[in-house]
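The values are calculated or read from the model by the stated rules, or taken from the named source; none is laboratory data. These figures come from a predicted structure and were not determined experimentally. Positions of Cβ are backbone-derived with ideal geometry, glycine not excepted, and every protein chain shown enters the neighbour counts. Each accessible area value is taken on the protein alone, full model and side chains, heavy atoms only, with ligands, DNA and RNA left out. Shrake-Rupley method; radii C 1.70, N 1.55, O 1.52, S 1.80 Å.
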Amino acid sequence: MSNIVIIGAQWGDEGKGKIVDMLAPDVDAVVRFQGGHNAGHTVSVGGRTYKLKLIPSGILHKNKICLVGNGVVLDPREFCAEMDALLAEGLDLGPERLKISRKCHLVLPYHQALDRTREAARGGDKIGTTGRGIGPCYEDKAARAGIRACDLEDFDLLGRKIRDALKEKNALLAGLYGQKALDPETLIEELKPVAARLAPYLADVSEELSRIEAGGGRIMFEGAQGVHLDIDHGTYPYVTSSNTVAGNAAAGAGIAPSRLHRVIGVAKAYTTRVGSGAFPTELTGETGQYIQKKGTEFGTVTGRKRRCGWLDAVVLRESARLCGVNDFALTKLDVLSGLPEVKICTEYAYRGRRIPYPPQAEKGLAEVEPVYESLPGWQEDLSSARVFSDLPEAARNFVARLEALTGVPVGMISVGANREQTVMRCLNLHSAPPAV
Ligand code: IMP
């Protein structure tokens, strides 16, 4: 076992940043393969909290190579701002350890303008996007009208592409939506210093990965968002615009699928969702507020309150099936302490039947009724637990039920934001996960 893919098994915000940070010592390189600065990965180390959006979470570890794969959409100005924040913390961000694929598509101001304008125009039927321009950038990629990181090395071409792109975008922005048109020359001028700064970081990421592997190195693929926000398999249209499933680690980084050896699905001990879309186990009353407050469930990128609900084994079962999850990393189990009972949704009632997987019709998920199993809660503070037997029996039972309902072992359990607040049940990442 060598290369590991980390994915979010719910609707994002599962705590992937902490898991990547914890496992980083075991690998030589960390690569992002999809999404953009809609992602917000929070990592707490030594009393400091780092909020990463585009730069892989492995950057907090010395000597780890961090790569931004071709499947990522990269806002070059945002990337520079993130670099500045990390440099101010004294981190080493030399081009020998931080690399950007030349094939990444660039998120530019017109993408953000369109994202926000379209959301506003949707009125009560919003997707609830992060407003970062992610969807419009992936649209341009699919339309073969995108601007890529390699274009920063050819300013004549970049200029021509931006002028062309703005003819169409301005027709939409100003003509259709009544917004201010954007000036291509201003944008081109703004990109000059950014292009100069990023030039040393541009690389052939696929080639870098094969070089790392040839030297015996191990790679971790850091997913963003979650499986149920996947453009194909998520709760369409309330999804993000990239494939978040583990299989996209291959296409989005430029590595063969046979080089993905183990998939860890990160899942919170409850469920959260930001933005619109059906959420069968959502708790709109006091218990939801308790979890929201205790779990400080606010979006890293937008600061929006996250909707909270019970753990949903249907959602996790589907993530396990779609991604071949070998083991779950269960996060925020400590947040559930203090509740008299905890619930797990085991299946859905849907049009007179019980179903173990989400329905496929667009409005199907909004129709289901969750079928719950209620388990006794626990009152103990879990934050100092380090081995499984440190957890109270009720918490151990909760974990065991999740394993039984999904058929996937829980390899590690996070009981607090810091690195050390973790129960490792599967100590050697390169051996087989524990049996259920
Ligand atoms: P977009 O990715 O900004 O287009 O937003 C589409 C949907 O994905 C919205 O519901 C967002 O709230 C959600 N989303 C995007 N990125 C994240 C994330 O990192 N965590 C949780 N939800 C996200």
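Among strands (runs of 3 or more DSSP E) lying entirely in region 325-364, which contain 2 or more residues that are open to solvent by 10 Å² or more (accessible area, probe 1.4 Å), under 25 Å from M412 (Cα atoms) and in contact with a Pro (Cβ under 9 Å, 6 or more places away or on another chain)? Reasoning before the result, please.
Values: elements: 327-331, 341-350, 353-355.
In region 325-364, 341-350 are the strands (runs of 3 or more DSSP E) which contain 2 or more residues that are open to solvent by 10 Å² or more (accessible area, probe 1.4 Å), under 25 Å from M412 (Cα atoms) and in contact with a Pro (Cβ under 9 Å, 6 or more places away or on another chain).
Taking T302 and the conditions (1) within 14 Å of the ligand (Cβ to nearest atom); (2) under 20 Å from L322 (Cα atoms), which numbered condition does it fall short on, given that it satisfies the others?
(2)
For region 108-149, how many residues are near the ligand (Cβ under 10 Å from one of its atoms), open to solvent by 40 Å² or more (accessible area, probe 1.4 Å) and charged (D, E, K, R)?
2
Has region 192-215 got any residue that is assigned to a helix (DSSP H, G or I), within 21 Å of S242 (Cβ to Cβ) and among the hydroxyl-bearing types (S, T, Y)?
yes
For region 387-413, how many residues meet the condition of being among the charged types (D, E, K, R) and exposed (fewer than 14 other Cβ atoms within 10 Å of the Cβ)? Step through it out loud before you land on a result.
Our first condition is that a residue be among the charged types (D, E, K, R); within region 387-413, this holds for 390, 393, 396, 401, 403.
In the following step, the residues that additionally are exposed (fewer than 14 other Cβ atoms within 10 Å of the Cβ) were identified as 393.
The number of residues fulfilling the criteria is 1.
Identify the residue in region 38-54 that is assigned to a loop (DSSP other than H, G, I, E, B) and surrounded by 24 or more Cβ atoms within 10 Å (Cβ to Cβ) and, among all such residues, is farthest from the ligand (Cβ to nearest atom). Break it down stepwise before answering.
First pass over region 38-54, keeping only residues assigned to a loop (DSSP other than H, G, I, E, B): 38-40, 46-47, 53-54.
Checking the rest, the ones that are also surrounded by 24 or more Cβ atoms within 10 Å (Cβ to Cβ) come to 38-39, 54.
Details: N38: 4, A39: 4, L54: 12 Å.
That would be L54.
Report every pair of residues separated by at least 6 positions or lying on different chains whose Cβ atoms are under 6 Å apart, first residue within region 219-243 and outside the structural domain of V274 (by TED's automatic domain parsing), second surrounded by fewer than 21 Cβ atoms within 10 Å (Cβ to Cβ).
Short answer, once both residue conditions are applied: none.
Scan V266, V301 and give me the residue that is in contact (Cβ under 8 Å) with a residue 60 or more places away in the chain, open to solvent by less than 50 Å² (accessible area, probe 1.4 Å) and within 23 Å of I4 (Cα to Cα). If you could, list the steps in order and put the result at the bottom.
Working: V301 fails: within 23 Å of I4 (Cα to Cα).
So the residue among V266, V301 that is in contact (Cβ under 8 Å) with a residue 60 or more places away in the chain, open to solvent by less than 50 Å² (accessible area, probe 1.4 Å) and within 23 Å of I4 (Cα to Cα) is V266.
Pairs under 7 Å by beta carbon, first residue farther than 7 Å from D115 by Cβ in region 127-144, partner of a type in the set (F, W, Y) and assigned to a loop (DSSP other than H, G, I, E, B), six or more apart or different chains?
Hits for this filter: I127/Y238.
Can you give me the number of residues within region 69-83 that are part of a loop (DSSP other than H, G, I, E, B) and in contact with a His (Cβ under 6 Å, 6 or more places away or on another chain)? Give the steps one after another, and end with the answer.
Here is the first cut: in region 69-83, the residues part of a loop (DSSP other than H, G, I, E, B) are 69-71, 75.
Narrowing further to those that are in contact with a His (Cβ under 6 Å, 6 or more places away or on another chain): 75.
Of the residues in that region, 1 qualify.
Among (1) outside any loop (DSSP other than H, G, I, E, B); (2) of a type outside the set (A, V, I, L, M); (3) within 11 Å of the ligand (Cβ to nearest atom); (4) open to solvent by 10 Å² or more (accessible area, probe 1.4 Å), there is one condition H228 misses while meeting the rest; what is its number?
Going through the list (1) outside any loop (DSSP other than H, G, I, E, B); (2) of a type outside the set (A, V, I, L, M); (3) within 11 Å of the ligand (Cβ to nearest atom); (4) open to solvent by 10 Å² or more (accessible area, probe 1.4 Å), H228 breaks only (4).
Does L98 qualify as being without any contact (Cβ under 8 Å) to a residue 60 or more places away in the chain and away from the ligand (no atom under 14 Å from the Cβ)? So that I can check it myself, show each step before the final result.
Details: without any contact (Cβ under 8 Å) to a residue 60 or more places away in the chain: no; away from the ligand (no atom under 14 Å from the Cβ): yes.
The answer is no for L98.
Only residues that are assigned to a helix (DSSP H, G or I) and within 20 Å of T244 (Cβ to Cβ): list them for region 124-136, please.
Matches in region 124-136: I134, G135, P136.
Which of the residues that make up region 285-298 are closer than 15 Å to V274 by Cβ, assigned to a loop (DSSP other than H, G, I, E, B) and free of Cβ contacts under 8 Å to residues at least 24 places away in the same chain?
Narrowing region 285-298 to residues closer than 15 Å to V274 by Cβ: 288, 291-292, 295-298.
Checking the rest, the ones that are also assigned to a loop (DSSP other than H, G, I, E, B) come to 295-297.
Passing the criteria: only T296.
Hey, among R211, R317, R307, which residue is of a type in the set (K, R) and touching a residue at least 60 places away in the same chain (Cβ under 8 Å)?
Within the list R211, R317, R307, the selection yields R317.
Of all residues being touching a strand residue (DSSP E or B) at 6+ places or on another chain (Cβ under 8 Å) and in a helix (DSSP H, G or I) in region 246-258, which is surrounded by the fewest Cβ atoms within 10 Å (Cβ to Cβ)? Just the residue, please. Before the answer, list the steps.
In the first step, residues of region 246-258 are kept if they are touching a strand residue (DSSP E or B) at 6+ places or on another chain (Cβ under 8 Å); the result is 246, 249, 252-255.
So of that shortlist, the ones also in a helix (DSSP H, G or I) come out as 249, 252-253.
Details: A249: 31, G252: 26, A253: 29.
Ranking the candidates gives G252 first.
Determine whether region 28-36 contains at least one residue that is surrounded by 17 or more Cβ atoms within 10 Å (Cβ to Cβ), more than 16 Å from the ligand (Cβ to nearest atom) and in a loop (DSSP other than H, G, I, E, B). Show your work before the answer.
The initial filter retains those residues of region 28-36 that are surrounded by 17 or more Cβ atoms within 10 Å (Cβ to Cβ), namely 28-36.
Filter once more, keeping what is more than 16 Å from the ligand (Cβ to nearest atom): 28-31.
Checking which are in a loop (DSSP other than H, G, I, E, B) leaves us with 28.
Yes, that holds for at least one residue.
Scan region 84-123 residue by residue and report those that are outside the structural domain of K64 (by TED's automatic domain parsing), in a helix (DSSP H, G or I) and closer than 26 Å to E185 by Cα.
P109, Y110, H111, Q112, A113, L114, D115, R116, T117, R118
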